[in-house]
């Protein structure tokens with residue numbers, strides 16, 4: 001199935017990219033969530049508008065991206081979470097909670113789709129979270145999970 005991505009999908013592509021995926025993945029996951037539209041000749045004309053909107057949203061200036069990267073890496077973000085006596089959390093820390101904690105710590109506004117957590121955070125302590133600031137730059141944020 002040939003689709004046009006309307007939002008960024010990790011390991012697949014960026015908005016405006018034309019991708020070939022299996023029918024079930026496109027029909028059951030990408031299209032219902034609004035991540036892609038079916039490719040047609042008429043829809044191909046929308047690619048330019050999607051890419052134009054993408055370029056407006058993205059941080060185009062590499063200098064600004066480096067500044068944001070330095071601000072994020074200098075932050076130590078504290079995130080309170082409920083935990084048991086052994087230090088295990090009741091659930092896992094979500095990406096939305098990380099974004100809110102970065103904002104509360106005085107960091108810049110970041111898109112939750114750009115935050116990558118390698119392994120689910122399910123314990124107290126210090127963890128590292130990766131934020132894709134630009135296509136070429138990533139920032140590592142130190143996240144301190146404390147008991148609330």
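The values are calculated or read from the model by the stated rules, or taken from the named source; none is laboratory data. None of the values given here were measured: they were computed from a predicted structure. Don't worry about glycine lacking a Cβ; one is built from the backbone with ideal geometry, like all the others, and counts go over all protein chains shown.
Summary of values
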item: Residue that is farthest from residue 65 (Cα to Cα) [pool: residues in segment 115-129 that are crowded, with 16+ Cβ neighbours inside 10 Å and in contact with a helix residue (DSSP H, G or I) (Cβ under 9 Å, 6 or more places away or on another chain)]; result: 121
item: Residue under evaluation residue 136, criteria (1) surrounded by 14 or more Cβ atoms within 10 Å (Cβ to Cβ); (2) under 17 Å from the mean Cα position of the chain (by Cα), criterion not met; result: (1)
item: Subset of segment 11-55 [within 30 Å of residue 107 (Cβ to Cβ) and more than 17 Å from the chain's Cα centre (by Cα)]; result: 16, 17, 50, 51, 52, 53
item: Subset of segment 93-119 (residues that are over 18 Å from residue 11 (Cβ atoms) and outside any helix (DSSP H, G or I)); result: 93, 94, 105, 106, 107, 108, 109, 110
item: Candidates 144, 73 - the one that is surrounded by fewer than 16 Cβ atoms within 10 Å (Cβ to Cβ) and assigned to a strand (DSSP E or B); result: 144
item: Single match in 33, 60 (criterion: part of a loop (DSSP other than H, G, I, E, B), closer than 19 Å to residue 12 by Cβ and either modelled with pLDDT of 90 or more or out of contact with any strand residue (DSSP E or B) (no Cβ under 7 Å at 6 or more places or on another chain) (or both)); result: 33
item: Filter result (surrounded by 14 or more Cβ atoms within 10 Å (Cβ to Cβ) and part of a loop (DSSP other than H, G, I, E, B)) within segment 76-91; result: none
item: Filter result (surrounded by fewer than 11 Cβ atoms within 10 Å (Cβ to Cβ) and not in a strand (DSSP E or B)) within segment 1-30; result: 10, 11, 22, 23, 24
